[in-house]
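Working notes for the structure below.
The values are calculated or read from the model by the stated rules, or taken from the named source; none is laboratory data. In this text, all values refer to a predicted model and were calculated from it rather than measured experimentally. Cβ sites come from the backbone with ideal geometry, for glycine too, and all protein chains shown count toward neighbours. For accessibility, only protein heavy atoms count, side chains too; no ligands or nucleic acids. Shrake-Rupley method; radii C 1.70, N 1.55, O 1.52, S 1.80 Å.
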Amino acid sequence: MSENHQITNATAESCAPGKLKKTIVLVGMMGAGKTAVGRALAARLDVPFLDSDHEIEAAANMSIPEIFARDGEPFFREKEHQVITRLLKEECGVLSTGGGAFLAERNRTVMSEAGVSVCLQADLEVLWKRVKGRDTRPLLRSPDPYKSLSDLYHARVPIYAQADLKVISDGQVSIDNMVDRVLEALRARPDVLEFN
């Protein structure tokens, strides 16, 4: 079953990654660092970086906020599931997902079956520092964006706890150190990543 490892050491020893056997799926709240860490992790492993939100935008030829406004969240979530399932089948790499993707049980199931879900855990204040003042988050377009983020955070944290692996994203270390943390967590999953 799933392994729950938490890596908190800011100076995780440097990992020597080898062959990737399954896709690493980064999940977590908006602002947790999934895209930045995902790109750096893919580069370190020399594998493709995939972004489910980017793929949805490309397919729809519109932005996520435009999709939400025109078609609503249920439509977006259906497209998100289709894209995640396709990406997991097509290519082995590092997949960054939108903050709400992991909430759907069917997405959690396909992620764990075809890859490994790695939750980047950041506390509410770290997330707020990263997302405040940006207009690219449809779920924060409200009279009180901090309260909206807080409500989402408290509703979603118990679901993110179901991820196969967990890595602390505390905002205190570089992206390279975050990659080290993810790789250290993946040592527990030789079915996903071989180490030299």
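Taken along the Cα-to-beta-carbon direction at a fixed 7 Å, the label points for Val157 and Thr85 span 3.3 nm. The H on the amide N of Val27, modeled in the peptide plane, is under 5 Å from the matching H of Val118, Cys119, Leu120, each at least 5 residues off or on a different chain. Of the residues Ala58, Ala104, Ala122, the one that moves most in a GNM of the chain with alpha-carbon contacts below 10 Å is Ala58. Taking max minus min of the alpha-carbon positions on each principal axis, the range 23-104 gives extents of 38, 26, 23 Å, largest first. Only Cα pairs under 8 Å and 6+ residues apart enter the sum, and on that basis the relative contact order of the chain stands at 41 percent. If you roll a 1.4 Å probe over the chain with all protein chains in place, what percent of the accessible area is carbon or sulfur? On the chain, the fraction of accessible area on carbon and sulfur atoms equals 50 percent. For Gly99, the residues 5 or more places off, or on other chains, whose built amide H falls under 5 Å of its own are Met30.
In this model, which of Lys22/Lys129; Lys129/Lys166; Lys34/Lys89; Lys34/Lys147; Lys22/Lys132 are farther than 31 Å apart at the alpha-carbon? As for pairs spanning more than 31 Å Cα to Cα, those are Lys22/Lys129; Lys22/Lys132.
Close amide H contacts of Leu193 (hydrogens built in the peptide plane, cut-off under 5 Å, sequence separation of 5 or more or a different chain): Lys21. Calculated accessible area for the range 41-108 comes out at 48 Å² per residue, all protein chains present (probe 1.4 Å; ligands, DNA, RNA ignored). Simple spin-label model, 7 Å along Cα-to-Cβ: Glu66 to Asn177 in nm? For Glu66 paired with Asn177, the spin-label model returns 3.9 nm. Its residues counted as N, the range 136-196 yields a C-alpha radius of gyration over 2.2 N^0.38 Å of 1.51.
Residue by residue, the range 54-68 carries 3J(HN,Hα) couplings of 4, 5, 5, 4, 5, 5, 8, 6, 7, 7, 4, x, 5, 5, 4 Hz when phi is fed to the Karplus relation 6.51 cos²θ - 1.76 cosθ + 1.60 (θ = phi - 60°); x denotes Gly or Pro. Here the 3J(HN,Hα) profile of the range 108-122, calculated from phi with Karplus coefficients 6.51, -1.76 and 1.60 at θ = phi - 60°, is 4, 5, 5, 5, 6, 6, 9, x, 9, 8, 10, 8, 8, 9, 10 Hz, Gly and Pro shown as x.
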